[in-house]
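S.K.: Sharing a structure with you now.
The values are calculated or read from the model by the stated rules, or taken from the named source; none is laboratory data. What you are looking at is a predicted structure, and each value in this text was computed from that prediction instead of being measured. All Cβ positions, even for glycine, are placed from backbone atoms using ideal geometry, and neighbour counts span all protein chains on display.
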Ligand SMILES: Cc1ncc(COP(=O)(O)O)c(C=O)c1O
């Protein structure tokens, strides 16, 4: 699905130098590269604070800790996402309230959020799924009306732009009260292990996040907050500094590939290509088609037989996972998510894909439907 080896072949010499310089310095924890990476990412994102941390799951956890939520507070998020988004809600004793996404954009439905609000709702977590922003302007309106926080899960959307109606453009993750991201290796901006970060324009949250990611410590051995140990390793920061320089180029290459996929599949009635919404750019963390007439699994198998990888993100709705039985949802509560779980298929997508590889994938997808 991604070819990290091909990428390493292209930028490996720069990465090696970056890693070796950390090895020589032995500043493995909180070394200078961490601060420099935060500063460079801050500039790229156009946001006031970037706080790095150990991974994208921790970023969500830290964001919820910083907001000072109380057990039982309700957090609305989408049913069609990676488990991390609701896992941290549950871990903090908060109540995940899950809603259906929009069937075309795959992102949380603002209408469904509106209906799920109760007097205990405190937070909305939109996930900018597969590289495209959720409907932020409508969500902000709902949040403002109901006095709610917004935490954006931008793990899959580093570099995506949100276009406001008044012409303002902001990066995914910098729009709500706090934004979170992941640097998991396969992400658009991925490191060579685990990593994550938080974004905020609010000084109070910025300072609080920095403190709780480091044991609640602002001054050495003085603890103002109950915190955790969630730091980005210096080696990962050094790698990310190299990769950040290529992010726009890599995201552009993904978009070019997506355009080619779209064009090739435009005449195929059995496939829906990913919707591109007017209010967001798409950085194609995944290129996810919908396969009609119940043929998704058959197509996946056929591609496998041709040595073409494909993945189902996500095969099972969150509300049917055993760990979340206690939430009391029933199988048919989320028809959009249930349908998507049966229809979606993500095709290989990475900036190092050769034209020949793309042609081979397209040919075989089309052959499957024409056979
Ligand atoms: C939408 C979403 N949220 C959160 C995460 C968690 O990130 P991490 O794997 O770095 O903990 C991921 C990543 O895999 C993700 O895709």
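S.K.: So which strands (runs of 3 or more DSSP E) stay within the range 152-237 end to end and still have 1 or more residues that are within 16 Å of the ligand (Cβ to nearest atom) and within 22 Å of residue 352 (Cα to Cα)?
M.R.: 178-182
S.K.: Is it fair to say residue 90 is surrounded by fewer than 19 Cβ atoms within 10 Å (Cβ to Cβ), more than 9 Å from the ligand (Cβ to nearest atom) and not in a loop (DSSP other than H, G, I, E, B)?
M.R.: In short, yes.
S.K.: Another question, then. With the condition kept exactly as written, say whether any residue in the range 16-31 is part of a helix (DSSP H, G or I) and either closer than 30 Å to residue 117 by Cβ or within 15 Å of the ligand (Cβ to nearest atom) (or both).
M.R.: no
S.K.: Checking residue 47 against (1) within 16 Å of the ligand (Cβ to nearest atom); (2) surrounded by 20 or more Cβ atoms within 10 Å (Cβ to Cβ); (3) closer than 24 Å to residue 142 by Cβ: exactly one of these is not met. Which one?
M.R.: For residue 47, the exception is condition (1).
S.K.: OK, next. Within the range 63-70, can one find any residue that is outside any loop (DSSP other than H, G, I, E, B), touching a strand residue (DSSP E or B) at 6+ places or on another chain (Cβ under 8 Å) and without any contact (Cβ under 8 Å) to a residue 60 or more places away in the chain?
M.R.: Looking through the range 63-70, none of the residues is outside any loop (DSSP other than H, G, I, E, B), touching a strand residue (DSSP E or B) at 6+ places or on another chain (Cβ under 8 Å) and without any contact (Cβ under 8 Å) to a residue 60 or more places away in the chain.
S.K.: Can you find even one residue in the range 70-80 that is modelled with pLDDT of 95 or more, farther than 27 Å from residue 109 by Cβ, out of contact with any helix residue (DSSP H, G or I) (no Cβ under 6 Å at 6 or more places or on another chain) and near the ligand (Cβ under 10 Å from one of its atoms)?
M.R.: No: the range 70-80 contains no residue that is modelled with pLDDT of 95 or more, farther than 27 Å from residue 109 by Cβ, out of contact with any helix residue (DSSP H, G or I) (no Cβ under 6 Å at 6 or more places or on another chain) and near the ligand (Cβ under 10 Å from one of its atoms).
S.K.: Go through the range 120-158 and give me each residue that's on the phi > 0 side of the Ramachandran plot and out of contact with any helix residue (DSSP H, G or I) (no Cβ under 8 Å at 6 or more places or on another chain).
M.R.: Matches in the range 120-158: 130, 147.
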